[in-house]
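Take a look at the structure set out below.
The values are calculated or read from the model by the stated rules, or taken from the named source; none is laboratory data. Computed from a predicted structure; not experimentally measured. We place every Cβ from the backbone using ideal geometry, glycine too, and count neighbours over all the protein chains shown.
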Amino acid sequence: MFSVLALKLPGRESRAREPFFEDMQQIVEEVVDVLLPLLQEKPFALFGHSFGAFTSFAVAEALKKHHNVEPAHMFLSGASAPYVRTHRNTVSFTSVNTNTQEELNTWNVD
């Protein structure tokens, strides 16, 4: 038996009236806080597409580094690996503040 959980970040869908996060760290902290109690001693997988791929990667990294918990599998699509920089896979954000833009740049998002 397994469960599927979907993220709904602020500023989207049913959370559209909430302000967006300002950096990746805020996203990771909220996702880890919500998921950690559900993941203890259970095998789990993460899936992320496009920006969700970067988010899933960052969440997996934080879970392992800070909580010694890691996914059995990761399924990432629609994005290059964080260490690969290709113009073809670059997303442009024109109305973000400088700190957010710098954070996005570290995740291969311009």
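Step by step: first the residues of the range 1-29, then only those that are in contact (Cβ under 8 Å) with a residue 60 or more places away in the chain and touching a helix residue (DSSP H, G or I) at 6+ places or on another chain (Cβ under 6 Å), then the one that is farthest from ASN68 (Cα to Cα). Which residue is that?
Restricting to residues being in contact (Cβ under 8 Å) with a residue 60 or more places away in the chain and touching a helix residue (DSSP H, G or I) at 6+ places or on another chain (Cβ under 6 Å), the top hit is GLU22.
Just the residues that are part of a helix (DSSP H, G or I) and either modelled with pLDDT of 95 or more or loosely packed, with under 12 Cβ neighbours inside 10 Å (or both), please, taken from the range 67-81.
none
Name every residue in the range 30-46 that is free of Cβ contacts under 8 Å to residues at least 24 places away in the same chain and either part of a helix (DSSP H, G or I) or surrounded by 13 or more Cβ atoms within 10 Å (Cβ to Cβ) (or both), in order of residue number.
GLU30, ASP33, VAL34, PRO37
How many residues does the range 47-66 hold that are assigned to a helix (DSSP H, G or I) and without any contact (Cβ under 8 Å) to a residue 40 or more places away in the chain?
Going through the range 47-66 one residue at a time, the tally reaches 11.
Please enumerate the residues belonging to the range 39-56 that are among the hydrophobic types (A, V, I, L, M, F, W, C) and over 16 Å from SER3 (Cβ atoms).
Correct list: PHE51, ALA53, PHE54.
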